[in-house]
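Data first, discussion second: the structure below is written as structure tokens.
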Amino acid sequence: MSHDQNFKNLILDYPFAALEFFAWEEAGNVPPSANITPVRQEQLKKCLGDRFRELDTPLLVEFSSEKKQAVLFLLEEETQTRYFSIYRLIHYCVDVADLLNITRVVPVVVFLRPGRHPLSLELGTEKNTYLSFRFIACDLGEIPAIEHIESRNIVARINLPNMRYDPGQRVEICLRAQ
């Protein structure tokens, strides 16, 4: 089983905890009464020969029965930062927003290993910006594990070994990751 599948399972098993940990900036105040629903991972193709795209874990968070209150979180996991493409992420966001007719979309990328990656993209000219895009980056390898060692959030605890820690702390970190 791949890291990708493990992350999908973790997010689907603990959606509230996953959003709170990976996207606390936007999801820190999601009430327990909110309804979180996994959304179709495979994106529709316009033509049979078009490229196939699959999202890691899109979650629709509905705060009330009003559709305008819904927020779609697109959680993508990247084991190696060199494989990350901000252009691919933009395609995912735009395609799924179009498919679900929703504009409240929060892209979140969970990076397992530290590395360089863009945090935003702006397209335009010197005079105007015509497309501005950014996402929430959760760089696990840069988060100090010690800050989450006593966490009540199960997703944070399970990810302790993926966080930054001193080599001498490895055994303790792994023991606390449950």
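A short reminder: the numbers here are calculations on the coordinates, not readings from a lab. Everything quoted here is computed from the prediction, not taken from an experiment. Note that each Cβ is placed from the backbone with ideal geometry, even for glycine, and that neighbours are counted across all protein chains shown.
As an exercise, identify the chymotrypsin sites (Phe, Trp or Tyr not before Pro) in region 119-178 lying in DSSP coil whose Cβ has no more than 12 other Cβ atoms within 10 Å.
none
Quick one: of the DSSP bridges fully inside region 102-174, what percent are antiparallel, nearest 5?
That works out to approximately 50 percent antiparallel.
Once phi is turned into θ = phi - 60°, what whole-Hz ³J(HN,Hα) does the Karplus curve with 6.51, -1.76 and 1.60 give for every residue of region 14-24, x standing for Gly and Pro?
10, x, 5, 5, 5, 5, 4, 7, 6, 9, 4
I want the local charge near Ile11. Using Cβ-Cβ distances under 9 Å, sum +1 for each Lys or Arg and -1 for each Asp or Glu among the other residues.
Every neighbour counted, the sum reads -2.
So which GluC sites (Glu not before Pro) in region 114-178 pass both tests, a DSSP loop state and at most 11 other Cβ atoms within 10 Å of the Cβ?
Counting only loop positions with at most 11 other Cβ atoms within 10 Å, the GluC sites (Glu not before Pro) in region 114-178 are Glu126, Glu150.
How many percent of Cα pairs in region 76-145 exceed 16 Å?
53 percent
Would you mind calculating the gained length between Val39 and Ser85 on full extension (0.36 nm times residue separation, minus the Cα-Cα distance), in nm to one decimal?
Going from the current span to full extension adds 14.4 nm.
Can you give me the distance in nm between label points at Asn9 and Leu123, each placed 7 Å from the Cα along the Cα-to-Cβ direction?
Placing both labels 7 Å beyond Cα along the Cβ direction yields 3.8 nm.
Per residue of region 27-38, in order, report the coupling 6.51 cos²θ - 1.76 cosθ + 1.60 (Karplus, θ = phi - 60°) as ³J(HN,Hα) in whole Hz, putting x for Gly and Pro.
Karplus-based 3J(HN,Hα) across region 27-38 equals 10, x, 10, 5, x, x, 7, 5, 9, 10, 10, x Hz.
Would you list the P(r) distribution for the chain, with all Cα-Cα distances sorted into 10 Å bins from 0 and each bin expressed as a whole %?
Percent of pairs per bin, in order: 9, 34, 35, 17, 5, 0.
Compute the length gained on full extension between Glu26 and Ser151: take 0.36 nm times their separation in residues and subtract their Cα-Cα distance, giving the result in nm to one decimal.
43.1 nm
From the square roots a ≥ b ≥ c of the eigenvalues of the alpha-carbon gyration tensor of region 106-156, which class results: rounded (a/c under 1.5), prolate (a/b over b/c), or oblate?
Note, shape of region 106-156 comes out prolate.
Quote the charge dipole size of the chain about the Cα centre in Debye, to the nearest 20; the model charges only the Cβ of Lys and Arg (+1) and of Asp and Glu (-1).
In total the dipole reaches around 300 debye.
Can you list residues from other chains, or at least 5 along the same chain, whose modelled amide H is less than 5 Å from the amide H of Asp139?
The list, which skips near neighbours in sequence, is Phe111.
Could you order the peptides 89-98, 24-33 from most to least packed, using the average number of other C-beta atoms within 10 Å per residue?
89-98, 24-33
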